[in-house]
Protein chains: 4
Amino acid sequence: MPQVTTLKNAAERLVEIGRDFHRRGWALGTSGNFSIVIERDPLILAITESSVDKSRLRAEQILCVDGSGKPLEGVTGKPSAETLIHVAIARALNAGAVLHTHSVWSTILSDFHAGRAGFFIEQYEMLKGLRDVHTHEHREWLPILENSQDMEAISTQVTLLLTEAPVPHGLLIRRHGLYTWGSDIDEAVRHVEILEFLLESVGRRQMMEPPAL
Amino acid sequence: MPQVTTLKNAAERLVEIGRDFHRRGWALGTSGNFSIVIERDPLILAITESSVDKSRLRAEQILCVDGSGKPLEGVTGKPSAETLIHVAIARALNAGAVLHTHSVWSTILSDFHAGRAGFFIEQYEMLKGLRDVHTHEHREWLPILENSQDMEAISTQVTLLLTEAPVPHGLLIRRHGLYTWGSDIDEAVRHVEILEFLLESVGRRQMMEPPAL
Amino acid sequence: MPQVTTLKNAAERLVEIGRDFHRRGWALGTSGNFSIVIERDPLILAITESSVDKSRLRAEQILCVDGSGKPLEGVTGKPSAETLIHVAIARALNAGAVLHTHSVWSTILSDFHAGRAGFFIEQYEMLKGLRDVHTHEHREWLPILENSQDMEAISTQVTLLLTEAPVPHGLLIRRHGLYTWGSDIDEAVRHVEILEFLLESVGRRQMMEPPAL
Amino acid sequence: MPQVTTLKNAAERLVEIGRDFHRRGWALGTSGNFSIVIERDPLILAITESSVDKSRLRAEQILCVDGSGKPLEGVTGKPSAETLIHVAIARALNAGAVLHTHSVWSTILSDFHAGRAGFFIEQYEMLKGLRDVHTHEHREWLPILENSQDMEAISTQVTLLLTEAPVPHGLLIRRHGLYTWGSDIDEAVRHVEILEFLLESVGRRQMMEPPAL
């Protein structure tokens, strides 16, 4: 039972992140869901409860689920509807944390590029904030999945997507927002900041005319 | 005299909301007005005073009005000029709280789409934050009323609008902003966050070119 | 010597406003200058010192000037370079406070519409936040003056502008920002919020396509 | 050994700046790096450590490097990868502080105008916030260098750029952000605020149609 962290520590961190992301416009309404792996083999995740207001997130709203996404015995409250996606990502990539944000820019770019099922982000220095990227001469494919209320279907697609090389650092769900992850929660938070920055840059860049000269 | 909440509780909450909404740019100048139903049969609302600065809102600026929008006996201060709209919504939908915000995006989209008296918001996951919406495959018609200084006229139109099915979750007044509501104040606040997010998304999406490919 | 307020009270309020306006992006760098009339007949203004950082504004950086814009005897420090404009407005309109902000939207709209020396803002509900405006069916002409480093020349133009009816509630200087005022400092602050909101709304509205239908 | 300031003072100030710039979106992920000259002849800079989160910057993450960009004896931790650029600027201009920010607007404008290797910013009053600029009738050329991971190559180009007159007040690296500097840290911070404001203004101005009339 290799414990990675405690529920208490994970819950404290997710509460802090939830409130911060709400303030930054990335988890408005009851949107956004966040998880930290607390044990492996078998897998246990600490994840945000379904439909809670992130601006007032409390530690009791962080629940433990097993590797099939079911609440552990004794857990009261319903885990996030998107728990299966978190589990799929934690399994496929051995990730230590998974974060789903729901910003304006991820929402509209996931719609704009939906016809191609993704788009490239390239030549930006900020890409170097992504794990194992060491140069701006990197070409990141950000995949887009069609949205669905069938979480088993989406999580299966996510698993498929993450078993093909090159593995992306995040993915979009159409008109729904961003999923990203990291080997630990710090890296996952950094990936949110990096990808949200890149999405805003790509979006605003496109609203300008073609290059001068 | 079924009491829903006390004036004291309602006032504390509205003060907190007023300051927060001001900070977020949704109630600048003296714009915005907010109410909570504190009794039903007969109806009593706690509502913000007319023309007050929401960044410095105080509990004494929350006044009680009856079901015709008139201040209760002994109340000093003038209730919001738009009190009749709050009463119309509280009556038509049995709402527990009504919030009127005045953001940039609601202002310009209510003008852009005024010729069609409204517009659809659809296929956004964030729609699920609206009461009784359980899928992004929802088509929300956001109606727009022409602005007027005749509050009786507007409130009559609001009542008419809300008696036709499907009942919307909010409505715009042209170049004037958003009205939304909820069964209680938490739901109404969530509806503001959801609708303001959707308005910004719809507005920015439209400023991009047509979809790629 | 009709005293309106004390230097101490005026300085405390301007310090609070300076820090708040800096945070909101309206007084970055050393931009922005703010004054409150503290005596009339003869006129004395409390005004921000030249070239100070508004994010760290201190009460000692608020200086007294007379009706010709000169520092009172014993004052150390140089009053804002734009003191003459404040004096011109205080004299022409009997204003109690004058605020100059320097936002992105005021900067670019003052350039976009410079060829016409101003533009109309009309049919916005938010116009009702301006003094003596009681309906959205108001047509506010926001005049634009060409920028200059000759403060006597600008202040003369400001005086001329404000002696013609209808008197505007604010004015722009090209690529330089907004001047507005009020009978007291609360009204002047409200006018800044209202006009900055309207400028952002007008600017973003224009970036959308023509109305649907 | 002319000491300009102490490491302790420099570190305190850079920690405060790092957290503030992160909050303003200018140093997300692990982007941004900041330095203050603490000694001259020989040159010693206090500079941010490589790859640290600026929202949680601590004084121990500010390291001393010499005039060749190497850590002083006894320093643990790796200085910013871009240390050579800071040294090049401090040497070429005798600057007292160098700040590199990474905003959305600097990122996209450095790309939009890359074909011309720079662009002019002119006629903006805000230009007067730059050192030795006394009128809006100033024409500031903001040079753009192609991005590279070869820091020696970039720092050589920076040195060349800064030895030609007129010396700019800042420079962009393509899709990478802004470098600016000052005779001391206060001036450098002011230059960041001024240039970021101007970049946003220039960017948004360009998104509007050509001037009216």
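What the table shows:
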read-out: Number of the exception - C:Q157 against (1) modelled with pLDDT of 95 or more; (2) within 14 Å of chain B (Cβ to nearest Cβ); (3) in contact with a strand residue (DSSP E or B) (Cβ under 8 Å, 6 or more places away or on another chain); value: (2)
read-out: A:S31 being part of a strand (DSSP E or B) and crowded, with 20+ Cβ neighbours inside 10 Å; value: no
read-out: Matching residues in segment A:121-134 - criterion: being more than 7 Å from every other protein chain (Cβ to nearest Cβ), more than 24 Å from B:Q206 (Cβ to Cβ) and in contact with a strand residue (DSSP E or B) (Cβ under 8 Å, 6 or more places away or on another chain); value: A:E122, A:L127, A:L130, A:R131, A:V133
read-out: Top-ranked residue of segment B:90-107 - restricted to ones that are buried (at least 17 other Cβ atoms within 10 Å of the Cβ) and polar (S, T, N, Q), ranked as farthest from the other protein chains (Cβ to nearest Cβ); value: B:T101
read-out: Residue match in segment A:189-197 (condition: of a type in the set (D, E, K, R), assigned to a helix (DSSP H, G or I), more than 20 Å from A:I85 (Cβ to Cβ) and touching a Leu at 6+ places or on another chain (Cβ under 6 Å)); value: yes
read-out: Candidate set from segment C:189-213 (those that are open to solvent by 30 Å² or more (accessible area, probe 1.4 Å) and of a type in the set (A, V, I, L, M)); member that is nearest to the other protein chains (Cβ to nearest Cβ); value: C:L213
read-out: Selection count where residues are hydrophobic (A, V, I, L, M, F, W, C) and over 17 Å from A:A27 (Cα atoms), scope segment A:186-213; value: 6
read-out: Looking only at segment D:1-28, and only at residues there that are surrounded by 15 or more Cβ atoms within 10 Å (Cβ to Cβ) and farther than 30 Å from A:V189 by Cβ, the one that is farthest from the other protein chains (Cβ to nearest Cβ); value: D:V4
read-out: Any pair with Cβ under 8 angstrom, 6 or more apart, that starts in segment C:27-46 at a residue that is more than 20 Å from D:K128 (Cβ to Cβ) and ends at one that is open to solvent by less than 30 Å² (accessible area, probe 1.4 Å) and assigned to a loop (DSSP other than H, G, I, E, B); value: C:I36/C:G96; C:V37/C:L43; C:V37/C:A95; C:V37/C:G96; C:P42/C:G67; C:L43/C:G67; C:I44/C:G67
read-out: Top-ranked residue in segment C:41-69 [being part of a loop (DSSP other than H, G, I, E, B), modelled with pLDDT of 95 or more and among the charged types (D, E, K, R); ranked as most open to solvent (accessible area, probe 1.4 Å)]; value: C:R58
read-out: Only one of A:S80, A:S110 that is within 14 Å of chain B (Cβ to nearest Cβ), buried (at least 21 other Cβ atoms within 10 Å of the Cβ) and at pLDDT 95 or above; value: A:S110
read-out: Criterion: in contact with a strand residue (DSSP E or B) (Cβ under 7 Å, 6 or more places away or on another chain), modelled with pLDDT under 95 and away from chain A (no Cβ under 14 Å) - qualifying residue of B:V87, B:V75; value: B:V75
read-out: In segment C:106-120, the residues that are touching a Lys or Arg at 6+ places or on another chain (Cβ under 8 Å) and of a type outside the set (G, A, S); value: C:T107, C:I108, C:D111, C:F112, C:F120
read-out: Any strands (runs of 3 or more DSSP E) falling wholly within segment A:120-188 and containing at least 1 residues that are surrounded by fewer than 14 Cβ atoms within 10 Å (Cβ to Cβ); value: A:139-145
read-out: Conditions (1) touching a Gly at 6+ places or on another chain (Cβ under 6 Å); (2) in contact (Cβ under 8 Å) with a residue 40 or more places away in the chain: number failed by C:P211; value: (2)
read-out: Pairs where the first residue, in segment D:59-79, is among the aliphatic types (A, V, I, L, M) and the second is modelled with pLDDT under 95, C-beta under 7 Å, 6+ apart; value: D:L63/D:V75; D:L63/D:G77
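The values are calculated or read from the model by the stated rules, or taken from the named source; none is laboratory data. Treat the numbers as computed from the prediction; the structure is a model and nothing was measured. As a convention, Cβ positions derive from the backbone with ideal geometry for all residues, glycine included, and neighbour counts pool all protein chains shown. Heavy atoms of the whole protein, side chains included, go into the accessibility calculation; ligands, DNA and RNA do not. Shrake-Rupley method; radii C 1.70, N 1.55, O 1.52, S 1.80 Å.
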